[in-house]
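So the structure is just underneath, and the comments pick up after that.
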Amino acid sequence: MRIVFLLLSILALTTYAWAGLRTQSIEYKEGNTVLEGYLSYDDQFTGKRPGVLVAHEWTGLNDYVKMRADMLARLGYVAFAADIYGKGVRPQTVAEASAESSKYKNDRKLLRDRALAGLEALKAQPNVDSSQLAAIGYCFGGTAVLELARSGADLKGVVTFHGGLSTPAPEDAKAIKAQILVLHGEDDPFVPPPEVATFEKEMTGANVKFRIIKYPGAVHGFTNPANKGELKGALYNAEADKQSWEEMHVFLDRIFKIADVN
């Protein structure tokens, strides 16, 4: 009986821990293109909350980025995983992901417009404090949120996890209002040291408040457990994943200055 009681207690605690999570798919548009994002929040937190936009990897909006949105919701934020590619556009292979992401890397205005559409969808949520907004992104999504910042979007902060840092318009950094946190794998072959150095020069020249944290031994895609080495240069690193999430948490807590978000 003691074992049964213990198991029931654990089950009850687990159920309670997830009881407040509310998620839904939301359709929105950029121009004539229908997009489908993912909203997540915890209704155990009352009142208007800071909103965090989440930009996906080159594989599009999938379970991984939804998981990150749920993790943010558990911290007390309203999280919206934006859809950069469009409803139903979900690359299944490396070749498909490369082709799709290249469309936006080669058209930064379109990339910015898609990211901005996601931000507007987040701001439209009734439980979001539209004066308290941030954006985070993974790999391709890191590039997306940096371009969103360079567009002059009204953001408190931007966090990029193993994201591309280059831009064809570095002069646009002067429009950045957000503080920037770059979480970077020190041995990332896709974002090599010269690109990092150029980014540092760009931010410094525009007087942007930024910080770069480099994780020794980490390469590209270090936060995603699905990266098992099939793509050379991309590999999960559990310690860098943990540390980078903690750094993001501290950063968001500081820029929003809200004690009960923890």
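The values are calculated or read from the model by the stated rules, or taken from the named source; none is laboratory data. The model shown is predicted, which means the values in this text are computed figures rather than measured ones. Because the Cβ atoms are built from the backbone with ideal geometry, glycine has one as well, and the counts that use them run over all protein chains shown.
Do you know which residues across the stretch 90-102 are assigned to a helix (DSSP H, G or I), over 17 Å from the mean Cα position of the chain (by Cα) and hydroxyl-bearing (Ser, Thr, Tyr)?
Selection gives Ser98, Ser102.
Taken over the stretch 46-77, the residue count meeting the criterion of being within 27 Å of Ser98 (Cβ to Cβ) and either free of Cβ contacts under 8 Å to residues at least 12 places away in the same chain or basic (Lys, Arg) (or both) is 4.
The rows are residues; the columns are (1) under 27 Å from Arg254 (Cα atoms); (2) part of a loop (DSSP other than H, G, I, E, B).
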residue: Gly88; (1), (2): no, yes
residue: Tyr104; (1), (2): no, no
residue: Lys109; (1), (2): no, no
residue: Leu122; (1), (2): yes, no
residue: Gln125; (1), (2): yes, yes
residue: Val145; (1), (2): yes, no
residue: Ala149; (1), (2): yes, no
residue: Gly164; (1), (2): yes, yes
residue: Glu171; (1), (2): no, no
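Within the stretch 82-118, restricting attention to residues that are over 16 Å from Ser25 (Cβ atoms) and among the β-branched types (Val, Ile, Thr), the residue that is surrounded by the fewest Cβ atoms within 10 Å (Cβ to Cβ) is Thr93.
Condition check ((1) crowded, with 16+ Cβ neighbours inside 10 Å; (2) touching a Ser or Thr at 6+ places or on another chain (Cβ under 9 Å); (3) outside any loop (DSSP other than H, G, I, E, B)) across all residues:
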residue: Gly152; (1), (2), (3): no, no, no
residue: Ile180; (1), (2), (3): yes, yes, yes
residue: His184; (1), (2), (3): yes, yes, yes
residue: Val191; (1), (2), (3): yes, yes, no
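May I ask you to list pairs of residues, at least six apart or on different chains, whose Cβ atoms are under 6 Å apart, with the first in the stretch 103-130 being within 23 Å of Phe256 (Cβ to Cβ) and the second being outside any helix (DSSP H, G or I) and aromatic (Phe, Trp, Tyr)? Here the result reads Ala121/Tyr28; Leu122/Phe80, each pair linking the stretch 103-130 to a residue that is outside any helix (DSSP H, G or I) and aromatic (Phe, Trp, Tyr). Within this structure, Ala79 fails the test of being within 20 Å of the chain's Cα centre (by Cα), modelled with pLDDT of 95 or more, buried (at least 20 other Cβ atoms within 10 Å of the Cβ) and part of a helix (DSSP H, G or I). Quick check on this structure: which one of Val65, Val52 is assigned to a helix (DSSP H, G or I), of a type in the set (A, V, I, L, M, F, W, C) and in contact with a strand residue (DSSP E or B) (Cβ under 7 Å, 6 or more places away or on another chain)? Checking each option against the conditions leaves just Val65.
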